[in-house]
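A short write-up of the structure that comes next.
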Amino acid sequence: MRPDRFTDQVALVTGAASGLGRETALGLAREGARLMLFDRDAGGLAETAAQCPGALTLVGDASKAADVEAAVTQAASLGPLRLLATAAGLLGPVRPATEVEEADWDRLFAVNVKGTWLAARAAFPLIRAAGGGAMVAFSSAAGLVGSPTMPAYSASKGAVVLLTRSLAVAHAAEGIRVNCVCPGSIETPMLEETFASAGDPAARAAREAVFRARHPLGRFGRAQEVADAVLYLLSAEASFVTGVALPVDGGRLA
Ligand SMILES: NC(=O)c1ccc[n+]([C@@H]2O[C@H](COP(=O)([O-])OP(=O)(O)OC[C@H]3O[C@@H](n4cnc5c(N)ncnc54)[C@H](O)[C@@H]3O)[C@@H](O)[C@H]2O)c1
């Protein structure tokens, strides 16, 4: 932790009510940022905000342009917006592509892909006006290699990687750096959802063992370990880093 790394910088964090978005928000708050927190989960959002002095919150849907634009407008009331972290995301159906429902596919892409784009579209004019800044999107290790059990999720996270790279090259001249993190399996409610969907306790234990074995470090990651990478990418320490999809995965993709 470096207490002054983000002093008085305004940051918008989506998905801030839980897991990796919450941990990112707490890290930014500890290091001096002024926070706008956005999520569809009012209770979780209030819990995060209670630990982030001065934070504003907005309950909304990351896949709805009007909601995302309202969050960006509210963020601007804190000062010039410089930082954006888009952690709002869904796991979606854990089943083969041939068994995925059309509505589930559409919802997954609406939140994971369109939601990331909507946040960039709304925030970048303000970040440009502030003189530049940085965005970190949330892809996944499953956005860099195929997933037999979560094909829809994997496809959506692959799209996040190329959206990240496209935004990075398009907005570099405006002083906006754009990167994404590609976490392996990290201990959050989403990972719990992945295991719970396996069914009975034996199936759950088997899935957990398969997921753990994918990580050469021999364990799942902690939310703090991803937030540390996000904060690095948002910070001036990463001033020459843009267009990167950074695995934070215990060696899974090595
Ligand atoms: N936990 C992991 O193992 C892991 C691995 C790789 C990538 N990721 C990605 O990291 C991000 C955060 O995941 P997490 O593990 O913290 O999950 P999580 O389920 O704990 O948190 C996700 C948050 O996003 C919010 N959200 C979902 N849909 C939304 C919507 N339409 N509008 C607004 N908010 C919405 C949820 O309410 C929740 O607070 C996600 O994009 C996820 O895909 C997680």
Check: Which ³J(HN,Hα) values, rounded to whole Hz and listed in residue order, are derived for segment 133-138 from phi using the Karplus coefficients 6.51, -1.76 and 1.60 in 6.51 cos²θ - 1.76 cosθ + 1.60 with θ = phi - 60°, glycine and proline given as x?
Finding: x, 8, 10, 10, 9, 10
Note to self: Going by amide H atoms built from the backbone, whose H comes under 5 Å of the H on Gly221, apart from near neighbours?
What the structure shows: Ser185, Ile186, Glu187
Notebook entry, point to check: Considering only protein heavy atoms and a 1.4 Å probe, what is the carbon-and-sulfur percentage of the accessible area of the chain?
Noted result: 57
Next item on the list: Would you mind counting up the charge near Ala213? Only other residues with Cβ under 12 Å from its Cβ, with Lys and Arg at +1 and Asp and Glu at -1.
Entry: +4
Note to self: Skipping prolines and chain starts, which residues have an amide H placed within reach, meaning under 5 Å, of the one on Leu246, given they are 5 or more residues away or on another chain?
What the structure shows: Cys180, Val181, Cys182
Checklist line | For segment 238-252 versus segment 136-188, the gap between their alpha-carbon centres in whole angstrom | finding: 10
Item checked: Whole-number percent relative contact order across segment 143-201, with pairs defined as alpha carbons under 8 Å at least 6 apart -> 24
Next item on the list: Could you calculate the FRET efficiency of Ser197 with Gln224 from 1/(1 + (r/R0)^6), where r is the beta carbon distance between them and R0 is 35 Å, rounded to 0.05?
Entry: 0.90
Next item on the list: Taking only protein heavy atoms into account and a 1.4 Å probe, give the accessible area per residue of the chain in Å².
Entry: 43
Item checked: Accessible-area value, Lys64, 1.4 Å probe, nucleic acids and ligands omitted, Å² -> 100
Margin query: As an exercise, use a Förster radius of 25 Å and the Cβ-Cβ distance of Leu253 and Asp41 to find the FRET efficiency, rounded to the nearest 0.05.
Written below: 0.25
Notebook entry, point to check: From the backbone phi of segment 139-146, what are the Karplus-calculated ³J(HN,Hα) couplings (6.51 cos²θ - 1.76 cosθ + 1.60, θ = phi - 60°) in whole Hz, Gly and Pro given as x?
Noted result: 8, 6, 4, 6, x, 10, 9, x
Margin query: Spelling out what I want: for every residue of segment 234-250, take phi, set θ = phi - 60°, compute 6.51 cos²θ - 1.76 cosθ + 1.60 (Karplus), and round to whole Hz; glycine and proline get x.
Written below: 6, 8, 5, 4, 9, 4, 10, 10, 8, x, 9, 10, 8, x, 10, 9, x
Item checked: Sequence-distant residues sharing a close amide H with Ala88 (under 5 Å, placed H) -> Thr14, Gly15
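The values are calculated or read from the model by the stated rules, or taken from the named source; none is laboratory data. The structure presented is a predicted model; accordingly, all values stated were derived computationally and were not measured. With ideal geometry, Cβ positions are generated from the backbone for all residues, glycine too; neighbour counts draw on all protein chains shown. Quick note on the areas: whole protein, heavy atoms, side chains included, nothing else; ligands and nucleic acids left out. Shrake-Rupley method; radii C 1.70, N 1.55, O 1.52, S 1.80 Å.
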